[in-house]
Amino acid sequence: MPMSSLNAIESCRPPRTPLWHYGMIAVYSCLPAVFVFLLLFLPLELYNGFGTPARIKFTLLILSYPLGVALMAVFLWWEQQRWYWSLTDEALVWGIRQNRVIPLASVAKIVPGRPVAKSPVLAAFGRGVTAEVRTAMAVDYGISLLVLLTDGRMMPFHVHRCVNGTRLMNAFLDKCRDRIDNQYHVSEQQQKQLRLADWNRLTKAVPRSG
């Protein structure tokens with residue numbers, strides 16, 4: 001669905017990336033570069049009986065970094081998709097190219113606040129972060145929405161930190177006010193799906209609790 005035909009009521013996007021982030025991306029690109037190097041180097045060493053010439057090793061090392069940067073760029077592009085949203089009269093539309101659609105008619109319920117999933121891993125993570133981070137996480141969970149679709153999929157929806165994100169979420173609530181459920185009880189199966197669910201990404205379908 002091209003952007004020109006959306007007739008969006010509200011749209012949001014992530015905040016502009018600070019310049020210093022690009023330096024961090026360059027540094028972190030070393031991690032996939034090491035992975036690429038090992039992926040190329042180890043089979044070659046095994047094939048040559050650990051006698052690969054130094055010239056070839058150096059060539060692989062040089063090639064690994066741009067390949068690592070390319071992998072990082074693909075990952076960041078994929079990651080950014082979930083922070084671009086538009087709301088029309090008929091749908092929530094998301095992605096950088098605005099080509100992924102959640103029809104408003106498919107929204108079964110909207111639960112204010114994301115339920116805190118019970119998980120030993122998340123509990124350990126919570127103990128390992130500062131009080132400020134725990135407070136910020138609690139705020140994010142409290143102001144977010146849990147969107148339940150008619151096909152059983154769910155989406156923890158939170159774009160308040162995006163440019164115009166709060167206005168979009170308020171407009172979405174206004175559009176679907178008849179489906180807001182403050183008393184909804186999340187089932188055990190839904191809890192399992194939500195444990196590691198990303199913000200603004202749909203989970204697998206699970207039966208709704210009611």
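The values are calculated or read from the model by the stated rules, or taken from the named source; none is laboratory data. Note that this is a predicted model, so its numbers are computed, not measured. Note: ideal-geometry Cβ built from the backbone for every residue, glycine included; neighbour counts use all protein chains shown.
Taking residues in segment 45-61 that are within 23 Å of P32 (Cα to Cα), and partners anywhere that are aromatic (F, W, Y) and part of a helix (DSSP H, G or I), the pairs with Cβ atoms closer than 9 Å and at least 6 places apart or on different chains are T52/F41; K57/F41; L60/F37; L60/F41; L61/F37; L61/F41. Scanning segment 110-124 turns up no residue that is modelled with pLDDT under 95 and closer than 14 Å to C12 by Cβ. Which residue is farthest from A197 (Cα to Cα), if the candidates are limited to segment 130-156 and must be aliphatic (A, V, I, L, M) and part of a helix (DSSP H, G or I)? Applying the filter and picking the extreme gives A131.
Say whether the condition of being basic (K, R) and either over 21 Å from V101 (Cα atoms) or assigned to a loop (DSSP other than H, G, I, E, B) (or both) is met by at least one residue in segment 166-187.
Start the filter on segment 166-187 by keeping residues that are basic (K, R), which leaves 167, 175, 177, 179.
Checking the rest, the ones that are also either over 21 Å from V101 (Cα atoms) or assigned to a loop (DSSP other than H, G, I, E, B) (or both) come to none.
Looking through segment 166-187, none of the residues is basic (K, R) and either over 21 Å from V101 (Cα atoms) or assigned to a loop (DSSP other than H, G, I, E, B) (or both).
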